[in-house]
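Readers should treat all values here as calculations from the given coordinates under stated rules, not as data from a laboratory. Quantities reported herein were computed from a predicted structural model and do not represent experimental measurements. A quick note on method: Cβ atoms are made from the backbone with ideal geometry, for glycine too, and the neighbour counts reach across all protein chains shown.
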Amino acid sequence: MNVTLQKYLPERAVLPCLTLIERHGVHLKIVDHRVTRHGDYRRLPNGLHQITVNASLNKYRFLITLVHEIAHLVAFEKYGRLIKPHGLEWKRTFQHLMIPFIRPEIFPSGLLPMLARHFKNPKASSSTDAKLSIALKAYDPQQSLDKSYVFELPFGSTFRLYNGKIFQKGKKRIKRYECIELSTGKVYLFQPNAEVELIR
């Protein structure tokens, strides 16, 4: 496991993560890329704790995702299964588990202020924190040249999602953008950092 983790995590995060995995009896599976999620946690029928994390994540997002999922396990065990998956108990647990990693030996100095801000009130996904998500994207192995962020697109432009659906960009609400699905006329709200393919 140690050798495997070295491929996916910052060097100084490997041993602390291995300790967390062993302490909480985690069966870690590193899986192919999934568009809809970075990772997940499930308690298996045999009582084992399975965590999956996408192999395609850069090492900083992999670390955040792994600790995010371990926080689900720890919060459920400490507070019971009736808590909200991303409620106050999980947030406190995630903060507690993540704080030892937020240091310059593990994360680049440019990410540290954004991480500190994010973990004052962690979200259900680091992707919903637009500034942090865009900053993390800079460490991806290869930038996707055919993708754009919604916030970069001109008003009224059309774009395609990974699932083939086509939208037209509309006005900005407080944080998100109203976009119309052209085939149905329905309005959807998009995070500014949603990655899409510009059509025109």
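Distance from the Cα centroid of segment 157-176 to that of segment 1-23 is 38 Å (rounded to whole angstrom).
Candidates LEU73, SER157, LEU48 compared by Cα position along the dipole of the chain: farthest toward the positive end lies SER157, with charges placed on Cβ. Note on segment 89-157: Kirkwood radius taken over Cα pairs, Stokes-Einstein applied at 4 °C and 1.567 mPa s, translational D equal to 94 µm² s⁻¹.
For segment 2-137, averaging the sequence separation of C-alpha pairs within contact (under 8 Å, six or more residues apart) and dividing by the residue count gives a relative contact order of 19 percent. Shown for the chain are the DSSP H helices of 18 Å or more along their axis, judged by Cα atoms, with a mean Kyte-Doolittle hydropathy of at least -0.5: 59-79. Scaled against 2.2 N^0.38 Å for its residue count N, the alpha carbon radius of gyration of segment 148-198 is 0.97. Residues THR52, THR4, THR93, THR158 in ascending order of nearby Cβ atoms (within 10 Å, fewest first): THR4, THR158, THR52, THR93. With the simple spin-label model, which puts each label point 7 Å out from Cα in the Cβ direction, the SER183 to TYR79 separation comes to 3.9 nm. Report summary: the helix-based calculation at 222 nm, which adds -39500 (n - 2.57) for every DSSP H run with n ≥ 4 and divides by the residues of the chain, gives -9500 deg cm²/dmol. Counting only the Cα atoms, segment 2-137 fills a convex hull of 108 Å³ per residue. Figure legend: label point modelled 7 angstrom from the Cα of LYS147 along Cα→Cβ; residues of segment 22-52 with amide N under 18 Å from it are 31-40.
In the structure shown, the pairs LYS29/LYS120; LYS131/LYS171; LYS123/LYS147; LYS84/LYS169; LYS137/LYS172 are assessed against 27 Å; a Cα-Cα span above that value is assigned to LYS29/LYS120; LYS84/LYS169.
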